[in-house]
Amino acid sequence: MLSQNIKDKIMDSLNAMKPISLSEMEDVELLNRFDTKYMIHIDRLIEILALIKNDYRILEVKGVRLNRYNNLYFDTPDYKFYLTHHNKKANRLKIRCRSYVDSNVSFFEVKKKNNKDKTEKSRISTEGISENINDQQQQLIKQIAPDLNPKLLFPIQRNDFYRMTLVNIQTMERATIDIDLAFYRNGSTHKLELPNLVIVEVKQDVHSGISPIRRKLKEEKIYATSISKYILGELLLNKELKRNNFKSKLLTLNKIEHALVA
């Protein structure tokens, strides 16, 4: 869990930005986009936010600028989605239920990354997070992945975090910054918390141009990585999974969190 001192510093940076509402942000929803991800230490985040505060607006939902998210991820019994990522396959899927706690909305979501590194997200509105995939959701899966049997999927991992969403003032770009991450097996109440880890994800269309946050991260010698919260959670929670191709990410995480991963 983050210390109150760190939270106060983050909120000071967020409160220095101009707000943007959910309705205003619809024009930069970017369900089809190119993603660039980073893992950084919470102390570096405070430095970065100070450098980019004039380049972005901050999403504000019901007066809240640091929003709570809950996720439930699905996979097959043989961990098809995890292994596809590990084995560096070009076309990858993630399937989850996501609850946007502060706005009181939830979605069943299917994310597909193609061989050109473009991410396409499709979703259906739901009432809360369900462990069961209904007929409508199964049809969505079949549309996107005809060879996948939705009935094989089961709920495997939950994670939650706080997110700040930044919207570029000048271009079609969003950046999501996730902090205070916690992971746990579905059905378990024991959480594995990562208070020092920050996951930054920059989302752009092909015409977005130069990204201020990506430029600042590069100047600070922080470089992009390919990681997802689902993959990260499985690495931490399931030591029996194949992980050779994720060793560099585990080393980065160890440097940030000072242990936790063997």
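Read-outs: derived from the displayed coordinates by stated rules, not from any lab. Source: prediction; values computed, not measured. Neighbour counts are summed over all protein chains in view; Cβ atoms, including those assigned to glycine, are modelled from backbone coordinates with ideal geometry.
For region 52-66, filtering for residues that are surrounded by fewer than 17 Cβ atoms within 10 Å (Cβ to Cβ) and either within 30 Å of SER248 (Cβ to Cβ) or not basic (Lys, Arg) (or both) leaves 3. Scanning region 126-133 for residues that are in contact with a Leu (Cβ under 8 Å, 6 or more places away or on another chain) and within 30 Å of SER211 (Cα to Cα) turns up nothing. The residue of region 101-132 that is farthest from the chain's Cα centre (by Cα), among those that are crowded, with 16+ Cβ neighbours inside 10 Å and of a type in the set (S, T, N, Q), is THR126.
Please report, ordered by residue number, the strands (runs of 3 or more DSSP E) entirely within region 11-80 with at least 3 residues that are farther than 17 Å from SER228 by Cα. Where strands (runs of 3 or more DSSP E) fall fully within region 11-80 and carry at least 3 residues being farther than 17 Å from SER228 by Cα, they are 18-20, 56-59. Against the numbered list (1) of a type outside the set (Val, Ile, Thr); (2) closer than 20 Å to HIS41 by Cβ; (3) out of contact with any Lys or Arg (no Cβ under 6 Å at 6 or more places or on another chain), ASN244 comes up short only at (2). Taking the criterion of being among the β-branched types (Val, Ile, Thr), within 19 Å of GLN204 (Cβ to Cβ) and surrounded by 18 or more Cβ atoms within 10 Å (Cβ to Cβ), would at least one residue in region 18-32 satisfy it? Scanning region 18-32 turns up at least one residue that is among the β-branched types (Val, Ile, Thr), within 19 Å of GLN204 (Cβ to Cβ) and surrounded by 18 or more Cβ atoms within 10 Å (Cβ to Cβ).
So which residues in region 84-100 are surrounded by fewer than 17 Cβ atoms within 10 Å (Cβ to Cβ) and touching a residue at least 12 places away in the same chain (Cβ under 8 Å)? Hits for region 84-100 are ASN87, LYS88, ALA90, ASN91, TYR100.
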